[in-house]
1. Counting only other residues whose beta carbon sits under 13 Å from that of Ile198, what net charge do I get with K and R as +1, D and E as -1?
2. Taking only C-alpha pairs under 8 Å that are 6+ residues apart, what is the relative contact order of the stretch 3-188 in percent?
3. Among the GluC sites (Glu not before Pro) within the stretch 182-251, which fall in a DSSP loop and have no more than 13 other Cβ atoms within 10 Å of their own Cβ?
4. Give me the log10 of I(q) over I(0) for the stretch 132-214 at q = 0.25 Å⁻¹, as the Debye formula computes it from C-alpha points; what are the numbers?
5. Grab the other residues whose beta carbon is less than 15 angstrom from that of Ser181, score K and R as +1, D and E as -1, and report the net.
6. Under 17 Å from the Cα of Lys126, which aspartates and glutamates turn up, not counting those fewer than eight places away in the same chain?
7. Can you tell me the length gained on complete extension of the stretch Glu78 to Ser5, counting 0.36 nm per residue apart and subtracting the Cα distance?
8. Please identify the DSSP H helices in the chain that span no less than 30 Å along the helix axis (Cα) and have a mean Kyte-Doolittle hydropathy of -1.0 or more.
Amino acid sequence: MSNESCEMALQQLQELLRLTETEMRRISRRRFCGSELYVEALAKVLGGRGRRGPACIMILFSDRAHGAARGRVFHLVEHELVERSDQVVIDLASAYGSGMALTEAGEDVVAVNWNELSATIEDFQKQFPEAVRRFVSGPIRNFVTCRIAGERQGVVSAFNYPGNCSTYDATVLRGLSVLISSLVTLSGELWETEQAFIYTIEALARACEAAEEDTGNHIKRVNRYAGALAANMGVPDQLVDTISYSAQMHDVGKIKIPSAILLKKGPLDHDEMELIRQHPAFGEQILGDSQRLQVAREIAIAHHENWDGSGYPSGLKGESIPLPGRIVKLADVYDALRSNRSYKPGYTHAETMRIFHEGDERIKPRSHFDPAVLETFFRIERIFDAIYESLHG
Ligand SMILES: [Fe+2]
Ligand SMILES: [Fe+2]
């Protein structure tokens, strides 16, 4: 290998490593990736000045249910892969073109130049279905095709490398393809685990609110209000998501309180009230010490604390109340005002807003809520109304 080729190989290897690192970091932050990662990766590793890139790349995934392979075609223009507008659909029963047939037959990757298979370039074109020829500008002179393994089976084909394509080009494409399909498969599996986690949390939250009125939608709405507040307060994206799905667990502690007390029509006696006021602490205990439930725990313990220290269970004040707790407190109060309760009808958005501005016998907005949360709420109050209207009844 010449010095120039070594340098190029090193550059491509570095791009691959950087890409893997970035993607792994994103996946560990629960930012999942799909097959679009192929495009990003192909452009990074094959695109750009000084790289040995093909003129055109086609990514096909097999759609056996419809006897077809479907995919997209990209042209490499300077640093970028530019997508051709049409989607490619190739009938699986028809010839795939020699490279694709080889990968179908069990090879992982093939690199083919026209003069290895045909007498003329024109003859070589007959190897390819019309759908493929249409997308490659000019006659196909060479190609590398690599099998995409993993959950979504397919092939990635790169056409018309400068000069002849070689085992070096095949190695780069295969390395890229193995890496990306591993990341996509890993990401898919983690995504499923994440879905199972969220589902379990929802089930727990529903079970705990079962004793109350209009509960299923109450927890969904509180999740959304809390997410909207957090996002509009400039909280980082990942924390917005965490606050949003954790909000629904604010009242898990109520599972320890007899439903006869939760559903009691008349006024509660002193002991009953004391027990109810322990639900934040019960919630904190139930959520245990898992790192993943840290924010849920903060919400459970702090969603009845008041900014001025007059809340319960600890009488925490100001910023010593965790921010997720301050956010969910406001979301929960807004929803309680909008909802029908045995002791009151649901208020309209306008009536609720009046209470948030002027207060009433129970709610003293300026002393109970974090001023920054309250100010954000006033800014996005329409979103609260829209969430309530779309998710009740
Ligand atoms: Fe509560
Ligand atoms: Fe609630």
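1. Once positives and negatives cancel, what remains is 0.
2. Reported relative contact order: 23 percent.
3. For GluC sites (Glu not before Pro) across the stretch 182-251 that sit outside H, G, I, E and B with at most 13 neighbouring Cβ atoms in 10 Å, the list reads Glu213.
4. -1.12
5. Working: positive: Arg147, Arg152, Arg174; negative: Glu23, Glu36, Glu40, Asp108, Glu151, Glu189.
Value of the local net charge: -3.
6. Asp91, Glu116
7. Values: separation 73, 0.36 × 73 = 26.28 nm, distance 1.90 nm.
Once the chain is fully extended between Glu78 and Ser5, it gains 24.4 nm.
8. For the chain, where a helix must reach 30 Å along its axis and average at least -1.0, the hits are 3-28, 167-209.
The values are calculated or read from the model by the stated rules, or taken from the named source; none is laboratory data. Owing to the predicted nature of the structure, the values given are computational and were not obtained by experimental measurement. FYI the Cβ positions are ideal-geometry reconstructions off the backbone, even for glycines, and counts take in every protein chain you see. What goes into the accessible areas is simple: the full protein's heavy atoms, side chains included, and nothing from ligands, DNA or RNA. Shrake-Rupley method; radii C 1.70, N 1.55, O 1.52, S 1.80 Å.
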